[in-house]
1. Which one of the conditions (1) within 22 Å of Val10 (Cβ to Cβ); (2) touching a residue at least 12 places away in the same chain (Cβ under 8 Å); (3) more than 16 Å from the ligand (Cβ to nearest atom); (4) among the small types (Gly, Ala, Ser) does Ala31 fail to meet, given that it meets all the rest?
2. Across the range 1-59, which residue is surrounded by the fewest Cβ atoms within 10 Å (Cβ to Cβ) among those that are of a type in the set (Gly, Ala, Ser) and in contact with a helix residue (DSSP H, G or I) (Cβ under 8 Å, 6 or more places away or on another chain)?
3. Output the residues belonging to the range 70-92 that are under 11 Å from the mean Cα position of the chain (by Cα), of a type outside the set (Gly, Ala, Ser) and near the ligand (Cβ under 7 Å from one of its atoms).
4. From the set of residues in the range 93-129 that are more than 13 Å from the ligand (Cβ to nearest atom) and charged (D, E, K, R), which is surrounded by the most Cβ atoms within 10 Å (Cβ to Cβ)?
5. Conditions first: (1) part of a loop (DSSP other than H, G, I, E, B); (2) out of contact with any Asp or Glu (no Cβ under 8 Å at 6 or more places or on another chain); (3) within 7 Å of the ligand (Cβ to nearest atom). Arg133 passes all but one, so which condition is the exception?
6. Over 22 Å from Val123 (Cα atoms) and within 9 Å of the chain's Cα centre (by Cα): does that describe Leu45?
7. Would you check which residues across the range 50-69 are within 14 Å of the ligand (Cβ to nearest atom) and under 14 Å from Ala5 (Cβ atoms) and list them?
8. Look through Ile58, Ile87 and report the one residue that is closer than 25 Å to Leu14 by Cβ, of a type in the set (A, V, I, L, M, F, W, C) and out of contact with any Phe, Trp or Tyr (no Cβ under 6 Å at 6 or more places or on another chain).
Amino acid sequence: MIRPATPADVDAILEFWVAAAEGTDRRDDPAKVHALIERDPEALLVYELDGAVVGTVIAGWDGWRAHLYRLAVAPQARRRGLARQLIAAAEERFKALGAFRVDAMVLHDNTDAHPAWAATGYVMQEQWGRWVRHF
Ligand SMILES: CC(C)(COP(=O)(O)OP(=O)(O)OC[C@H]1O[C@@H](n2cnc3c(N)ncnc32)[C@H](O)[C@@H]1OP(=O)(O)O)[C@@H](O)C(=O)NCCC(=O)NCCS
């Protein structure tokens, strides 16, 4: 079952990300995830199986653009279509909000993930880069 995360899921999600996510920001803490859920209760989607979190995606919508982050599936549940379903659920949310395009943050080095994005219709754009400033 795919559903929006609730505050009660936060600790399990953080544990799940340590085990399953790639490139996890080590500054993740419960307060950040609670703030996300409070600001946009539909953004953080979890895949729940037998009462456990086995997948996540953040479907971020800022009113202008649609972005995907934190796609992750538990190692023991991979290659069973869970990521496909999570991406589809996020895309449904975006379409309902009026988005016509979605992008995903994907590390160039994370070549294990590239086939999943390609299989779900995503194409890397060579002409864009990520410019970042930390504060
Ligand atoms: C990437 C990830 C989310 C894919 O999750 P998944 O549930 O296994 O993906 P799916 O089963 O939905 O796969 C969908 C399609 O993607 C492709 N695919 C997925 N994983 C693949 C792999 N390891 N090798 C080759 N193709 C793969 C296949 O075409 C697959 O369809 P198929 O199984 O019918 O052939 C998962 O491997 C993961 O959590 N990796 C670590 C975290 C990560 O890197 N997240 C992405 C951050 S950008």
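1. For Ala31, the failing item is (2).
2. Among residues in the range 1-59 that are of a type in the set (Gly, Ala, Ser) and in contact with a helix residue (DSSP H, G or I) (Cβ under 8 Å, 6 or more places away or on another chain), the one surrounded by the fewest Cβ atoms within 10 Å (Cβ to Cβ) is Ala19.
3. Scanning the range 70-92 gives Leu71, Val73.
4. Ranking the candidates gives Arg93 first.
5. All conditions are met except number (3).
6. yes
7. Across the range 50-69, the qualifying residues are Val53, Val54, Gly55, Thr56, Val57, Ile58, Ala59, Gly60, Tyr69.
8. Ile87 is the lone residue from the list that is closer than 25 Å to Leu14 by Cβ, of a type in the set (A, V, I, L, M, F, W, C) and out of contact with any Phe, Trp or Tyr (no Cβ under 6 Å at 6 or more places or on another chain).
Values in this text are rule-based calculations from the coordinates and carry no lab data. Values in this document were obtained by computation on a predicted structure and should not be read as measured data. Cβ atoms come from the backbone with ideal geometry, glycine included; neighbour counts cover every protein chain shown.
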